[in-house]
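Report on the following structure.
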Amino acid sequence: MVWQLFLSWVLIGFLLILFFVCIVLRVIRHYYKFPIPSFLTEAIDNPIRRRFLQKPMVLADRIGLKPGMIVVEIGPGKGSYTKVIAERVLPDGKVYAIDIQEAVIARLKKRVTEEGIPNIIPQIDNAHRLSFADMSVDRVFALACLPEIPEPVKVLREVYRILKPDGLVSLAEFAPDPDYPLRRTVKRWATDAGLELHSEYGNWFSYQLNFKKGPSET
Ligand SMILES: C[S@@+](CC[C@H](N)C(=O)[O-])C[C@H]1O[C@@H](n2cnc3c(N)ncnc32)[C@H](O)[C@@H]1O
């Protein structure tokens with residue numbers, strides 16, 4: 001009985017510390033945005049998340065991928081989600097996996113070579129100024145990435161520019177991320193960039209929003 005009481009208090013204490021750490025991290029990240037270090041992207045992409053919170057197959061199923069499509073993934077991390085998307089656009093589709101950090105791209109290039117994945121092209125790029133031509137991309141995918149970039153609306157304007165007229169951008173978030181935004185925040189960013197909601201999935205804890213191009217402002 002005493003042990004049960006003790007363990008309950010340990011658990012409550014642990015959860016309170018975790019909650020406090022999350023709040024502190026959120027406050028810091030609110031004022032100071034920077035790309036999370038490459039080794040942390042490795043930790044985020046873990047089996048618990050892939051199995052229970054954000055299943056790569058499920059997220060890929062929601063984007064309407066077809067063979068031959070050109071996809072840009074912003075902030076691919078370890079590449080687990082990139083790999084599933086790449087399989088869906090074979091044989092002649094491509095996934096350009098772009099990140100601002102050299103270490104992330106170097107690690108993904110190594111994985112792509114080791115696993116012989118023919119259609120993932122990892123490259124350094126800044127989401128604020130994407131190096132893709134206007135209306136050249138079928139899908140843009142960003143997972144737990146947009147809220148860590150200082151100017152999300154500017155990024156989404158770039159996404160608007162590179163998307164083909166029938167293209168989609170898919171933004172997925174999950175709550176343990178210290179940068180986690182509410183759905184309505186992401187919808188506001190997208191609307192400000194000229195995008196319109198196409199479809200939405202998930203719950204308060206983990207969601208995925210797909211947007212299409214709205215009418216051009218010019
Ligand atoms: C939290 S990680 C997400 C990794 C992966 N999508 C996942 O969920 O496992 C966000 C990634 O966005 C990248 N990033 C941050 N700012 C960027 C920018 N301006 N342009 C391109 N990538 C950026 C970071 O380097 C980092 O690798």
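Nothing in this text is a laboratory measurement; each read-out follows from the coordinates by a stated rule. This is a predicted model, so every value here is computed, not measured. Virtual Cβ from ideal backbone geometry, glycine too; neighbours counted across all protein chains shown.
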Exercise. So if we plug the beta-carbon distance of LEU90 and SER216 into 1/(1 + (r/R0)^6) with R0 = 30 Å, what FRET efficiency do we get, rounded to 0.05?
Worked result: 0.40
Seminar exercise, completed: Listed by chain and number, the lysines with an alpha carbon less than 20 angstrom from that of LYS109, same-chain partners under 8 positions apart left out, are LYS78, LYS83, LYS94
Exercise. Using modelled amide H (1.01 Å from N, peptide plane; none on Pro or chain starts), what sits under 5 Å from the amide H of HIS198, excluding residues fewer than 5 places away?
Worked result: ASN210, PHE211, LYS212
Exercise. Using the 10 angstrom Cβ neighbour count as an exposure proxy, how do TYR31, TYR180 rank, fewest first?
Worked result: TYR31, TYR180
For this session: Go ahead and set up a Gaussian network model of the chain, Cα springs under 10 Å, then flag whichever of LEU40, LEU108, LEU143 fluctuates most.
Result: LEU40
Exercise. Want the number for THR185 to ALA133: 0.36 nm per residue separation, take away the alpha-carbon distance, what's left?
Worked result: 15.9 nm
Exercise. By how many nm would the segment from VAL153 to ILE124 grow when fully extended, if each residue of separation counts as 0.36 nm and the alpha-carbon distance is taken off?
Worked result: 8.4 nm
For this session: Anything in the chain that counts as a DSSP H helix reaching 18 Å or more along its axis (C-alpha) with Kyte-Doolittle mean of at least 1.0? List them, would you?
Result: 2-31
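Once the Cα gyration tensor of the chain is diagonalised, what are the square roots of 5 times its eigenvalues, in whole Å and ordered largest first, as equivalent ellipsoid semi-axes?
32, 21, 17
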For this session: Grab the DSSP H runs of the chain that are 4 residues or longer, score each as -39,500 (n - 2.57), total them, divide by all residues and round the 222 nm result to the nearest 500 deg cm²/dmol.
Result: -12500 deg cm²/dmol
For this session: Using only Cα atoms, locate the centre of segment 173-213 and the centre of segment 5-23, then give the distance between them in Å, rounded to an integer.
Result: 30
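Got a sec? How would LYS110, LYS55, LYS83 order by Cβ neighbour count within 10 Å, fewest to most?
On the way: LYS110 12, LYS55 15, LYS83 20.
Least crowded to most crowded, the residues run LYS110, LYS55, LYS83.
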Exercise. What is the fewest-to-most order of SER216, SER38, SER136, SER206 by other Cβ atoms lying within 10 Å of their Cβ?
Worked result: SER216, SER136, SER38, SER206
